[in-house]
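A.B. asks: Here it is, the structure, as structure tokens.
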Amino acid sequence: MRPAEELETVIISRRVFLAGATASGMLLAAGTMAGSTRAVAAGGAGTVTRYPLYFPPTVDLASPYVLTAKPGTVDLGGGKLSTAWVYNGLMPGPSLRASNGGSAQITLVNQLSQETITHWHGMVVDHPNDGHPVYAIPPGGRYSYSFPIRQRAAMNWYHPHPHMMTGQQVAMGLAGAFIVNDAEESALGLPGGAYEVPLVIRDASLDSTGNLQYKPRSGGFLGDILLVNGTRDPYLNVDTALYRLRVLGGANARIFGLTLTNGAAFTLIGNDGGLLRSAVQVSRVDLAPGERLDLLVDFRGLPVGTRVVLRDARAGWDLLEFRVARQVSVSATVPTALSTITTLSNPVLTRTFSFDGMSKINGHEYDVNRVDFQVPFGQVERWRFSTSGNAPHPVHVHGASFQVVSRTGGRGQLYPWEAGWKDTVLLEDRETVDVLIRFDSYRGEYLLHCHKLEHEDMGMMSNFVVV
Ligand code: C2O
Ligand code: CU
Ligand code: CU
């Protein structure tokens, strides 16, 4: 047996009986085929029935909010219901919105049949609010979060983080967007309202009755269908206007290579940690699990009836069809200067992290009770991520954003979407990626891990303490 197969057996035996126990307790939904049966040519590859892109409701965190994780049914398109595990009955969960300077009071209620805890990926919060696996609550439990919002505008996200069960819970549907606004961003007059479109992109797997299922693989879960905001084969009617697409890589393991079929470029304005210094034109952008992109797409000047498809150049999938449906004239300009970003420099020391096999960092599997290193508060450090194989490893850090300074080996370069502030960076085989990081918000325990959720669950995660 190859080592990969051994590991695969381990990960399956650890969790599948849990999944099976839960699935048997869930209602099976009657599938009905209603809705649009309009067949359209998609990317020249036959015909496909497309469904209107779903948008979860937006929740303003100005007042206290209750988030309940539990099994439910969701419409993946055309009225066909699938069972899933969802936040407040929705997939993706409600889009949470808050402003820099505000605060959040959120109560998580666990109505799953296994433990869970919610992490606010990209939100800079103290340890008790970070959704560390040590705080996982049992079925029937509650967890109260309360934290000030002190960070720049960005699209972050929330998802479960219990040890060894994150992959299953995310694949089953638990995730949502967490958008932070600030004055600097508002002053730019970027497209808003219907012209600001959150897109949670992930793959998924359905069982023979059309319900979401999780089939763990140690090399990373890969689904055979694609969901954008929980919709299969989605389309979106658009105006002849400038749109802001706020994209979240919400897959367990799959990496997307985003392109537009009309050959137009994206105007890249931001990523994980918010706006870049200035806008840049890119014809293709890669998106790994945990990463975010802020993209402007211009439909002005296109005739009504035009179809433009957002594609994944890696798997050759159509992700979302934009249908230019209405002529409008809305003035919008792309600001050239977006944001001020202070460059981190002069690291006091270098720490090296080797992402080994599929379950280890620097030779160790995760232990929830072991602290692997300590980081002095306020000190600029260079963290060097490398791997000898089993990549891609999307490396994610809790508690602070970082600046990516170099990539050697492998692809041997940095990309425009890796500028500015990041909290997740893609490490491919034979690559070494250096980032500069400074923890200057809170002291306490945080996590460093691979965001390929199967690697994370198998132990490719490390605790450290900011002191
Ligand atoms: Cu998005 Cu520690 O995770
Ligand atoms: Cu995180
Ligand atoms: Cu990994």
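The values are calculated or read from the model by the stated rules, or taken from the named source; none is laboratory data. The shown structure was predicted, so the numbers you read here are calculated from the model rather than taken from an experiment. Cβ placement follows ideal geometry from the backbone for every residue including glycine, while neighbour counts extend to all protein chains displayed. Only protein heavy atoms, including side chains, enter the accessible area calculation; ligands, DNA and RNA are left aside. Shrake-Rupley method; radii C 1.70, N 1.55, O 1.52, S 1.80 Å.
A.B. asks: Given a Förster radius of 41 Å and the C-beta distance between Asp367 and Thr306 as r, what FRET efficiency does 1/(1 + (r/R0)^6) yield to the nearest 0.05?
C.D. replies: 0.15
A.B. asks: May I ask what percent, to the nearest 5, of DSSP beta bridges between residues of the chain are antiparallel?
C.D. replies: Bridges in the chain that DSSP calls antiparallel: roughly 75 percent.
A.B. asks: Sticking with this structure for a sec: Can you tell me the accessible area per residue over the chain, all protein chains present, probe 1.4 angstrom, in square angstrom?
C.D. replies: Per residue, the chain has 36 Å² of solvent-accessible surface.
A.B. asks: A follow-up question, please. How much mean residue ellipticity at 222 nm does the chain get from its helices, if each DSSP H run of length 4 or more adds -39500 (n - 2.57) and you divide by all residues, to the nearest 500 deg cm²/dmol?
C.D. replies: Value at 222 nm, helices only: -2500 deg cm²/dmol.
A.B. asks: In square nanometres and to one decimal, what's the mean projected area of the convex hull around the Cα atoms of region 350-466?
C.D. replies: Dividing the Cα hull surface by four gives the mean projection, 6.4 nm².
A.B. asks: Of all DSSP beta bridges located in region 193-326, what percent are antiparallel, nearest 5?
C.D. replies: In region 193-326, DSSP labels about 75 percent of beta bridges as antiparallel.
A.B. asks: Which net charge results for the neighbourhood of Asp434, defined as the other residues with beta-carbon distances under 12 angstrom from its beta-carbon, given Lys and Arg at +1 and Asp and Glu at -1?
C.D. replies: Result for the local shell: +1.
A.B. asks: Which Rg and Dmax, in Å, describe the Cα atoms of region 193-326?
C.D. replies: 15.2, 48
A.B. asks: What Kirkwood Rh does region 89-129 have if only Cα atoms enter the pairwise 1/r average? Answer in Å.
C.D. replies: Mean inverse Cα-Cα distance, inverted, gives 12.6 Å.
A.B. asks: Can you give the Rg to Rh ratio for region 208-258, taking only C-alpha atoms and Rh from Kirkwood?
C.D. replies: Ratio of gyration radius to Kirkwood radius for region 208-258: 1.04.
A.B. asks: I'd like to know which of His398, Thr49, Thr340 lies farthest towards the positive end of the charge dipole of the chain, counting +1 on Cβ of Lys and Arg and -1 on Cβ of Asp and Glu.
C.D. replies: Thr49
A.B. asks: State log₁₀ I(q)/I(0) for the chain at q = 0.08, 0.09 Å⁻¹ as given by the Debye formula over alpha-carbon point scatterers of equal weight, solvent excluded.
C.D. replies: Log10 of I(q)/I(0), two decimals: -0.44, -0.56.
A.B. asks: Another question, if that's okay. Largest first, what is the accessible-area ranking of Tyr214, Tyr415 with a 1.4 Å probe?
C.D. replies: Of Tyr214, Tyr415, the descending order of accessible area is Tyr415, Tyr214.
A.B. asks: Rounded to the nearest 0.05, what FRET efficiency is calculated for Gln111 and Ser208 with R0 set to 30 Å and r the Cβ-Cβ distance?
C.D. replies: E between Gln111 and Ser208, to the nearest 0.05, is 0.70.
A.B. asks: Of the accessible area of the chain, with the probe set at 1.4 angstrom, what percent is carbon plus sulfur?
C.D. replies: About 53 percent, which is the carbon plus sulfur part of the accessible surface.
A.B. asks: Among Ser82, Ser388, Ser441, Ser283, what's the order by accessible area (1.4 angstrom probe), most exposed first?
C.D. replies: The residues order as Ser388, Ser283, Ser441, Ser82, largest area first.
A.B. asks: Roughly how many nanometres apart are two label points built 7 Å out from the Cα toward the Cβ at Arg142 and Asp440?
C.D. replies: Once both label points are built, they end up 3.8 nm from each other.
A.B. asks: What is the extension gain from Ala62 to Ser354, computed as 0.36 nm multiplied by their sequence separation minus the C-alpha to C-alpha distance, in nm to one decimal?
C.D. replies: 101.0 nm
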